[in-house]
Amino acid sequence: MAELSAQASQPAANTRKRAMSENLFGWMLVAPAMIFIAVIVAWPLAETIRLSFMDAGLGGEEFIGLENYQDLADSRKFHQTVIRTFYWMFLSVGIKLIMGLIGATLLNAAIPGRALFRVLVMPPWVIPVAIGCIGWLWLYNGYFGVLSGVMMKLGITDGPFEFLAYKSSAFYSAVVTDVWVGTPMVTLFFLAAMQGVSRDLYEAAWVDGAGRWYRFRRITIPQIMPVIVSMALLSAIFTFNSFEIIWILTEGGPRSATTTLIIDTYKVAIGNYKFGEGAARAVVIVVLLAVFSLIYLFFLNKINKRYGAK
Amino acid sequence: MMDRYTKLQLVGIYAALAVFLTFILLPFFEMFMASLRPLEHLFRSPYQFWSDDFSLQAYKDMWVTVPLLGRYIFNSIFIATSVTVITMVFVVPAAYAYARLDFPFKNISLGIFLGVNMFTGAVLLIPLYRVLRTMGLLNTYWAMIVPGVAFLIPTGIWLLRSYLEKIPRELEEAAFVDGASRMYTLRRVVLPLAVPGLIVVSVAVFIGAYAQQFLFAITFNQTRELQPLPAGLFEFIGYQSVTWNEMMAAALVGVLPVMLIFLFLQKYLVAGLTAGAVKE
């Protein structure tokens, strides 16, 4: 009521003055964060683009045009790295989404003890990734680790199996660890979304005789679809950028079997001080991620139109 | 009723949950088991599932093997705390502006903030390294704090904004009508009401800051005394052998602070973090 009378008595000039001060005040509050991001993220990003046209190292810089990009375009090894990165991403994200759906469905079931189970899912999300990876390093150890030990007891392998020593087992081991790191977040977001679905829908379907599987497929999935899509793309970005897991487990080896774009960039730029070549790789990553985010927005809009708008 | 399960279904659900949770908790369990075993027992092959010589010796010896261990844990907490405080100083005003005010380029600038989430430090390491070198910040705490803050500001703004949007506008309007200035209203009306949200977002930022230290530490800091725990743990890997039991013990002690904070606040944290997933 106070609001109403205040509005009614306010002359137009006063409103305009207030709007102007709101503009100013808004920017005053946002500016510090904006400037900080500009210095620490935007400017380095621009620098990366500039450096990618340079032959730059510890010695100095020299403009060489598109040569760094040309080298990447010609390099079979780099093509393999790009393909490997996408394979890594799709495989890992796919498994995370399936695990997340299964996990969220189980945790959403009305059973005794679920509050405890929900807490038990979270640790990998909370602890530093680097520390979780040290645990996995131990699990994957051929001589003393539990996985190799169980395999030997079951007679799957005769002797110790070093998971991280062979090309394909190292790659899939890294995928498993990445899934382990990413699954809790996906699970909890799906669970939160499932809890937001109106019970009336389920009850109406139940009255009509719909079974659990049918209700899951025809109610749960469509209702939480916007969350599935956003989690898919969010996880895709995280997985694409995943550095610590691979670095701690294998440093990109054996023989490049786990070298993704991020690892490659880090090795070239920080490991070998080839700043220009590294920058060109970083720009490729940024472009690929930008394409991703566009796809993200495109799909999110579409899905929201189909499911979200009521 | 709809939620009633048959015995068989219940068994199935619990069995599936057991498998799921085994996958999630196995590394922690194995780390704990390894930390309890004497080193010469650990290096016994084939793997033994149980042993009779469990002891807490590793939890004592680790401080001797890596003398700086206490310092590393302190560094981790110190860096994460500094990152949290600085991040919140930037986040609070910006989140309020995005939640309440209307100003030019509001949506575009918010989009730019969220876009930062797409880049991890790894993409920007090269120029960031040079920026930090120019500022003379390499090999200092700041080398790990400054990039940490930059990558947590967007998440912080996003989380706090959705919290502030839920505070009724009427209270601010009332303060305005009484002639309070905008700054006064923000400080004396909005912030006190937002305390629960501020705590949730701060804890989320702290957990993020605690988790992200490894990359910045190994790239921007060569000073041993300043290393955070995730980087310092690798000192247990010696030239001759790895003292796995002590490394695991140290890792578990190192995650204890975040795990405790998390356990106390997990209900609010999960609700706050997943708020975007729930339809209004």
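At-a-glance table
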{"quantity": "Globularity ratio of the stretch A:18-103, using Cα Rg and 2.2 N^0.38 Å", "calculated": "1.82"}
{"quantity": "Magnitude of the charge dipole, chain A, Cβ model with Lys/Arg +1 and Asp/Glu -1, debye to 20", "calculated": "1260"}
{"quantity": "Top positive-direction residue, dipole computed over the protein assembly as shown with Cβ charges, set A:V150, B:A231, A:L300", "calculated": "A:L300"}
{"quantity": "Where Rh is the Kirkwood radius over Cα pairs, Rg/Rh for chain A", "calculated": "1.08"}
{"quantity": "Unit charges at the beta carbon, dipole of the stretch B:115-259: most positive-side option, B:Y163, B:A217, B:M135", "calculated": "B:M135"}
{"quantity": "Volume in Å³ per residue [convex hull over Cα atoms, computed for the stretch B:9-70]", "calculated": "127"}
{"quantity": "Mean Cβ neighbour count within 10 Å, used as a protection proxy, ranking B:196-209, B:157-170 highest first", "calculated": "B:196-209, B:157-170"}
{"quantity": "Per-residue [θ]222 nm for the protein assembly as shown (sum of -39500 (n - 2.57) over DSSP H runs n ≥ 4, rounded to 500)", "calculated": "-22500 deg cm²/dmol"}
{"quantity": "A:M54 long-range amide H proximity, modeled H, under 5 Å", "calculated": "A:I64"}
{"quantity": "Cβ neighbours within 10 Å from other chains - mean over A:118-124", "calculated": "6"}
{"quantity": "Distance in nm between pseudo-label sites at A:I156 and A:E62 (7 Å out along the Cβ direction from Cα)", "calculated": "5.4"}
{"quantity": "Among B:L193, B:F151, B:V270 - extreme Cα towards positive end, dipole of the stretch B:143-280, charges at beta-carbon", "calculated": "B:L193"}
{"quantity": "Chain B, dipole about Cα centre (Lys/Arg Cβ +1, Asp/Glu Cβ -1), debye to the nearest 20", "calculated": "520"}
{"quantity": "Listed peptides A:51-60, B:50-59 by packing density, highest first (mean Cβ within 10 Å)", "calculated": "A:51-60, B:50-59"}
{"quantity": "Gain in span if fully extended, B:D61 to B:F74, counting 0.36 nm per residue against the direct Cα distance", "calculated": "2.8 nm"}
{"quantity": "Scaled radius of gyration (Cα, divided by 2.2 N^0.38 Å) that chain B gives", "calculated": "1.26"}
{"quantity": "Relative exposure of A:T187, B:T134, judged by other C-beta atoms within 10 Å (fewest first)", "calculated": "B:T134, A:T187"}
{"quantity": "Diffusion constant of the protein assembly as shown at 4 °C, which comes from Stokes-Einstein with the Kirkwood Cα-pair radius and 1.567 mPa s, µm²/s", "calculated": "49"}
{"quantity": "Over 23 Å between alpha carbons, listed pairs A:K77/A:K167; A:K96/B:K106; A:K96/A:K153; A:K77/A:K267; B:K166/B:K267", "calculated": "A:K96/B:K106; A:K96/A:K153"}
{"quantity": "Exercise: per-residue mean of other protein chain Cβ atoms within 10 Å, B:29-39", "calculated": "3"}
{"quantity": "Relative contact order (%) - chain A, alpha-carbon pairs under 8 angstrom, separation at least six", "calculated": "26"}
{"quantity": "Cβ charges +1 (Lys, Arg) and -1 (Asp, Glu), total dipole of the stretch A:70-216, debye", "calculated": "120"}
{"quantity": "Length added when fully stretched, B:Q48-B:L8, from 0.36 nm per residue minus Cα-Cα", "calculated": "11.0 nm"}
{"quantity": "Residue mean of other protein chain beta carbons inside 10 Å, B:261-274", "calculated": "3"}
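Each value in this text was obtained by applying a stated rule to the coordinates, not by laboratory testing. Model, not experiment: these values are computed from the prediction. For neighbour counting, all protein chains shown are included, and Cβ atoms are generated from backbone atoms with ideal geometry for every residue, glycine included.
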